[in-house]
Amino acid sequence: MKYEAIIFDLDGVICNTDKYHFEAWKAIADKLGIYFDEKINNRLRGVSRMESFNIILEKYSGVISEKEKIDYTEEKNNIYKELLSKMCERDLSDEVKETLIELRKRGLKLAIGSSSKNTKYILKQIGLEGFFDAISDGNNITNSKPDPEVFLKAAEYLKLQPEKCMIVEDAVAGIEAAIKGKMDSAAIGDALFSNKATYNLKSFNEILIIIK
Ligand code: B16
Ligand code: MG
């Protein structure tokens, strides 16, 4: 086989938490009277919480202190976590679940490479606590995507060379991170627009075809 491991992004790949990020950011943007739509939300995919807020603030004409920025990002995270608390095992699709099980059966190591500091909580909610061989997330990185750090750390935790790992991503920033880390990548959803991934997935289970 071409790869020894697959490193999955979480939000927008394993589960659809991206819609909750949107809802939570929208509440903050509305509070501040900032215009915010799906197109701006797509620029937040894969980037850290504070970087996301800085992108939203590009449309803000007022003045905001660093302390207020921390307070607003915390408020966003509380709204987001409240939405996550309603998630359960049914929020993991059969397609994703069956593909993960089949990949493991074929002997591949499976890891998460996510910018989110809520990764472990989300995995628990959808019934995947303890499933992955390694988790690299927003808690162990200094630079978020498009920096390759989160994926390089995942490869390191798996004790594998980065070239032996393939990345699955829904964010353009994530595909750029994979390229910088010299790793092959498979794009799904919004990441298809980057046109820079090694593979383009029409559906998640196509991973089973491309790894052959
Ligand atoms: P949190 P991923 C990313 O997760 C999201 O795509 C991005 O929108 C979010 O800002 C980032 O996590 C940080 O999330 O606020 O939960 O720490 O796509 O890299 O799995
Ligand atoms: Mg994502």
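The values are calculated or read from the model by the stated rules, or taken from the named source; none is laboratory data. Note that the structure is predicted; figures quoted are calculated from it, not measured. Using ideal geometry, Cβ is built from the backbone for each residue, glycine included, and neighbour counts are taken over all protein chains shown. For accessibility, only protein heavy atoms count, side chains too; no ligands or nucleic acids. Shrake-Rupley method; radii C 1.70, N 1.55, O 1.52, S 1.80 Å.
Roughly what angle does helix 149-158 make with the longest principal axis of the chain, taking Cα atoms, 0 to 90 degrees, to the nearest 10?
40
Can you tell me the alpha carbon radius of gyration of segment 80-212 divided by the globular rule-of-thumb value 2.2 N^0.38 Å?
This ratio for segment 80-212 stands at 1.01.
How many percent of the accessible area of segment 58-212 is carbon or sulfur, using a 1.4 Å probe?
Answer for segment 58-212 is 49 percent, counting heavy atoms of protein chains only.
Which of Ile79, Ile64, Ile175 moves most in a GNM of the chain, Cα contacts under 10 Å?
The residue that fluctuates most here is Ile64.
Take the Cβ-Cβ distance between Glu58 and Lys105 as r, set R0 to 45 Å, and report the resulting FRET efficiency rounded to the nearest 0.05.
0.45
Extending each Cα 7 Å along its Cβ direction at Ala27 and Glu66, get the distance between those two points in nm, one decimal.
2.7
Take the chain, connect every pair of alpha-carbon atoms lying under 10 Å apart with a spring to form a Gaussian network, then pick out the residue of Ala191, Ala27, Ala134 with the largest mean-square fluctuation.
Maximum among the listed residues: Ala27.
Highest first, please rank the peptides 80-88, 13-21, 95-103 by the mean number of other Cβ atoms sitting within 10 Å of their residues.
13-21, 95-103, 80-88
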